[in-house]
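**Student:** One structure is given below, represented as structure tokens, and several questions about it will come after.
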Amino acid sequence: MILIADSGSTKTLWVSRVGGELKEYVTAGLNPRMTSEEAFNEVVGAVRERLVEGCSERLDSIFFYGAGCGTAEVRQRMRGRLSALFKGAEVEVEGDMLGACRAVCGNERGVVGILGTGSNSCLYDGRNIVKQRVSTGYVLGDEGSGNHIGRRLLKDYLEERMPQDVSTLLHDFCPLTTEECIDRIYRQSYANRFFASFVPFASRHRGHPYVAGVLERCFGEFFDQIDYLQLNQDKPLHLVGGVASEFEPLLTALARRRGITIKTVVQNPKEGLIHYHRM
């Protein structure tokens, strides 16, 4: 039996494979920069109960791909936590970026970007990530992500720089006072998830000129951020994530204007990772 986890900042998709049978379970995200050890143990305990205990086969291997797992120190810490909860299983922990690469490129070279709650990008040689900027996280970075889009919308809304008709719609979507919004952002955990929760609003009203402008600026900054990868017609881009999937036509059009070809867009890397680990 193997267990594969794709963990973003908002949610984690767990897939177990016993023979040819697949089972799935969705939990909260387990970004080690934000998730306490107590919360981590609670989530993984539920996974163990749901997918592992009572199974006819022994759990042999766990492949955990996670946001916030980009450094060796964090990967080692996460490996220790998982090994303690799944005794006897071999545990591999990698960053979500490598998981995305394996899912959409397999063993082939490619340029890969993640657009979900957060964002990232890299050049992959078929085995390893060979070129990648340091991720500056949800405060300084995450260009084009759900966090970025929501942050832009909410800033304009709170500063009353949003068209009145959109402001009214946004208040109906999220009827929080200014103080309540500030509390969610600065005093509560997971501000990035709060910002990303405005993506459905942006999707629903993408036809409004103001919202369309916000989306184009956010995605434009994502493409600016990945200029270092020198994308061209011979070097297509693969995108992974809920935001990439939701706004695929717009992203494709914006990329085309820059001479970039988007080859693949998938909402999550589940199918690709299952195929990769079967191989």
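The values are calculated or read from the model by the stated rules, or taken from the named source; none is laboratory data. Only a predicted model underlies this, so the values are computations on that prediction, with no experimental measurement involved. Ideal geometry is used to build each Cβ from the backbone, glycine not excepted, and the neighbour counts take in all protein chains shown. Side chains included, ligands, DNA and RNA excluded: accessible areas come from the protein's heavy atoms. Shrake-Rupley method; radii C 1.70, N 1.55, O 1.52, S 1.80 Å.
**Student:** Of everything in segment 1-23 that's open to solvent by 30 Å² or more (accessible area, probe 1.4 Å), touching a residue at least 40 places away in the same chain (Cβ under 8 Å) and within 19 Å of the chain's Cα centre (by Cα), which residue is nearest to Arg77 (Cα to Cα)?
**Tutor:** Checking each candidate, the answer is Asp6.
**Student:** OK, next. Please return the ranges of strands (runs of 3 or more DSSP E) entirely within segment 1-96 where 1 or more residues are charged (D, E, K, R).
**Tutor:** The strands (runs of 3 or more DSSP E) meeting that bar are 2-7, 11-18, 21-28, 90-95.
Table: residues versus (1) at pLDDT below 95; (2) surrounded by fewer than 19 Cβ atoms within 10 Å (Cβ to Cβ); (3) among the β-branched types (Val, Ile, Thr).
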site	(1), (2), (3)
Met162	no, no, no
Ser167	no, yes, no
Phe173	no, yes, no
Arg187	yes, yes, no
Val199	no, no, yes
Ser203	no, yes, no
Gly213	no, yes, no
Gln230	yes, yes, no
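**Student:** Any idea which of Glu37, Glu73 is acidic (Asp, Glu) and either at pLDDT 90 or above or surrounded by 19 or more Cβ atoms within 10 Å (Cβ to Cβ) (or both)?
**Tutor:** One residue alone meets the criteria, Glu73.
**Student:** Tell me whether segment 151-174 contains one or more residues that are outside any helix (DSSP H, G or I) and within 25 Å of Gly29 (Cα to Cα).
**Tutor:** Scanning segment 151-174 turns up at least one residue that is outside any helix (DSSP H, G or I) and within 25 Å of Gly29 (Cα to Cα).
**Student:** Contact list please: Cβ distance under 8 Å, first residue in segment 122-134 and within 15 Å of Cys105 (Cα to Cα) and hydroxyl-bearing (Ser, Thr, Tyr), second residue part of a strand (DSSP E or B) and open to solvent by less than 90 Å² (accessible area, probe 1.4 Å), pairs at least six apart or on different chains.
**Tutor:** Short answer, once both residue conditions are applied: Tyr124/Gly110; Tyr124/Val111; Tyr124/Val112; Tyr124/Val130.
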